[in-house]
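Working notes, structure below.
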Amino acid sequence: VIVAAARQPKVRVRFNHSGRTHAYAIPPTYDRSIDDEVLAAIRSSLDGHRCETRGARLPWKSLAVRSGLASYGRNNITFVEGWGSYVRLTGFYSDLPCPEEAWQEPLAMKACEHCRACLDACPSGAIGEERFLLKAQRCITLYNEETPDFPGWVDPSWHNSLIGCMACQDVCPANCANVDWLEGDVEFSEDETGLLLEGRPPDKLPAEVVRKLEAADLLVAYEVLPRNLRVLLEAA
């Protein structure tokens, strides 16, 4: 198994609504477009070894930490030295012989020992003092990725991303060089934003809207996008 980390920014997407332009971010880990580039780079580096390499779906956070590629932060997110958490983890199966094993116990960043930045910034109390394991049932990401409705205890003002959450990552000292790193030029007009808020299925949307969703890699999250976008706009 080959584990890889690709440095990646937050993606900015703009929506025009009620005469204003609103810009919202998608956290770095959600943009899958770089996966093909990583696979191509690995295959190129292995050229001449007479081996095959194929994409895989495995618990990359755990494998990245166990292999020494990354370390856990107090927020249970993986950090790569010099890159922080602005990375996308991926990996591949290969029949390339592996003469040495680099397997270790899960490690936490030393910088977390005396730091409370993410703990204090988490609006929902998902990060605890007693363990380096997220209280998933309190994490906003759990609810804005999957569930049809937010629990009543979730304050709308806590939301900050189209999907996922950046509250703990944006305050982390390990991300100080990355926090303002946003890229993306996808923008939806007033009419297009209205269609998204209606929740029309993708096959009922204009081709240009679908193209923009694909460009922002939002089609995979389209089932929750109308609800998440509505909450952000109502809190603006």
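The values are calculated or read from the model by the stated rules, or taken from the named source; none is laboratory data. None of the values given here were measured: they were computed from a predicted structure. Positions of Cβ are backbone-derived with ideal geometry, glycine not excepted, and every protein chain shown enters the neighbour counts. Note: areas computed on protein heavy atoms with side chains; ligands, DNA, RNA excluded. Shrake-Rupley method; radii C 1.70, N 1.55, O 1.52, S 1.80 Å.
In the range 49-67, the residues that are in contact (Cβ under 8 Å) with a residue 60 or more places away in the chain reach residues that are assigned to a loop (DSSP other than H, G, I, E, B) and of a type in the set (Gly, Ala, Ser) with C-beta atoms within less than 9 angstrom, at least six apart or across chains, in these pairs: Ala64/Ala70; Ser67/Ala102. Would you pick out the residues in the range 191-202 that are modelled with pLDDT of 95 or more and open to solvent by 80 Å² or more (accessible area, probe 1.4 Å)? Asp191, Glu198, listed by residue number. For the range 112-126, the set of residues classified as open to solvent by 10 Å² or more (accessible area, probe 1.4 Å) and either farther than 15 Å from Val65 by Cβ or in contact with a strand residue (DSSP E or B) (Cβ under 7 Å, 6 or more places away or on another chain) (or both) consists of Glu113, His114, Cys115, Arg116, Ala117, Cys118, Leu119, Asp120, Ala121, Cys122, Pro123, Gly125, listed by residue number.
Can you name the residue in the range 223-236 that is outside any helix (DSSP H, G or I) and under 19 Å from Lys10 (Cβ atoms) and is also least open to solvent (accessible area, probe 1.4 Å) among such residues?
Within the range 223-236, the first condition is being outside any helix (DSSP H, G or I), and the residues that meet it are 223-224, 236.
Filter again for under 19 Å from Lys10 (Cβ atoms), leaving 224, 236.
On the way: Val224: 13, Ala236: 67 Å².
Checking each candidate, the answer is Val224.
The set of residues from the range 65-92 being assigned to a loop (DSSP other than H, G, I, E, B), in contact with a Phe, Trp or Tyr (Cβ under 9 Å, 6 or more places away or on another chain) and at negative phi comprises Ala70, Gly73, Arg74, Asn75, Ser85, Tyr86.
Looking at Ser62, Ser44, Ser33, just one residue is outside any loop (DSSP other than H, G, I, E, B), open to solvent by 30 Å² or more (accessible area, probe 1.4 Å), of a type in the set (Gly, Ala, Ser) and under 30 Å from Leu196 (Cβ atoms), and that residue is Ser33. Residue check: Glu101 meets all listed conditions (1) closer than 30 Å to Ala40 by Cβ; (2) in a helix (DSSP H, G or I) but one, namely (2). Report whether or not Arg88 is within 20 Å of Gly128 (Cα to Cα), in contact with a strand residue (DSSP E or B) (Cβ under 8 Å, 6 or more places away or on another chain) and of a type in the set (D, E, K, R). When the stated conditions are applied, Arg88 does not pass them.
Remark: Ala177 matches the filter, which requires a residue to be surrounded by fewer than 16 Cβ atoms within 10 Å (Cβ to Cβ) and among the aliphatic types (A, V, I, L, M).
Out of the range 127-140, which residues are in contact (Cβ under 8 Å) with a residue 40 or more places away in the chain and open to solvent by less than 30 Å² (accessible area, probe 1.4 Å)? Write out each step before concluding.
First, pick out the residues of the range 127-140 that are in contact (Cβ under 8 Å) with a residue 40 or more places away in the chain: 127, 132-134.
Scanning the range 127-140 gives a single hit, Ile127.
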